[in-house]
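A short worksheet on the structure shown next.
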Amino acid sequence: MSFQESQVEEFRESGLCESAEPDQEGGIPLLRIHGLKVPLTSGTRVLDAVLCPTTHAGYNTRLFFTENLGPLAPRTANWSPVVWFGATWFAPSWQGVSPALTITQMVATHLQALR
C-alpha cells in the first residue's frame, strides 16, 4: 500500500497536525506525523505519531505515539511498544479502524479511543 498524495495533503490541511510525511520501515508503509493534536480527558497534548495503515500485530491499522498515554486515557489498555525509525513508539489496544478509511478518518477514529 502506498499513500495517495491527495489524502496526505487533505490530512496536512485538516488542522490535526503540524506536518505529515509518508515513509516506510522494513517495507511497511508508515505516515510520520509531527505535532499531532491528541485530545485526552485532561486536555489536548501535542505529540509526534506514526500511522500504520496496514495490518500490524493483529490490528487492521494502528496509531503509535511518542509516549505511553495509558494513564491519561482511561478507555484504553494494553499499550504496546514498537521501534520505528530507531525510536520507541506506543499504541493502545484499539481494534476496528478500517484501512479503507482516508488518512484523516483513520487518525480521527484512532484518536476517539483516547477521549
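Would you mind stating whether Arg45 is surrounded by 15 or more Cβ atoms within 10 Å (Cβ to Cβ), over 13 Å from the mean Cα position of the chain (by Cα) and of a type in the set (D, E, K, R)?
yes
Cβ-Cβ distance below 6 Å, separation of 6 or more or different chains: which pairs start in region 71-96 with a residue that is within 24 Å of Asp23 (Cβ to Cβ) and end on one that is surrounded by 11 or more Cβ atoms within 10 Å (Cβ to Cβ) and among the β-branched types (Val, Ile, Thr)?
Pro81/Thr88; Trp84/Val50; Trp89/Val50; Trp89/Val82; Pro92/Thr76
Search region 6-19 for residues that are surrounded by fewer than 12 Cβ atoms within 10 Å (Cβ to Cβ) and of a type in the set (Gly, Ala, Ser) and pair each with any residue that is at pLDDT below 95 and part of a helix (DSSP H, G or I) when their beta-carbon atoms are under 6 Å apart and the residues are at least 6 apart or on different chains.
Cβ pairs passing all conditions: none.
Name the single residue, out of those in region 20-42 being in contact with a Phe, Trp or Tyr (Cβ under 9 Å, 6 or more places away or on another chain) and under 23 Å from Ala73 (Cβ atoms), that is surrounded by the fewest Cβ atoms within 10 Å (Cβ to Cβ).
Arg32
Among the residues of region 82-97, is there at least one that is surrounded by fewer than 17 Cβ atoms within 10 Å (Cβ to Cβ), in a loop (DSSP other than H, G, I, E, B) and of a type in the set (Phe, Trp, Tyr)?
Yes, region 82-97 contains a residue that is surrounded by fewer than 17 Cβ atoms within 10 Å (Cβ to Cβ), in a loop (DSSP other than H, G, I, E, B) and of a type in the set (Phe, Trp, Tyr).
The values are calculated or read from the model by the stated rules, or taken from the named source; none is laboratory data. Owing to the predicted nature of the structure, the values given are computational and were not obtained by experimental measurement. Using ideal geometry, Cβ is built from the backbone for each residue, glycine included, and neighbour counts are taken over all protein chains shown.
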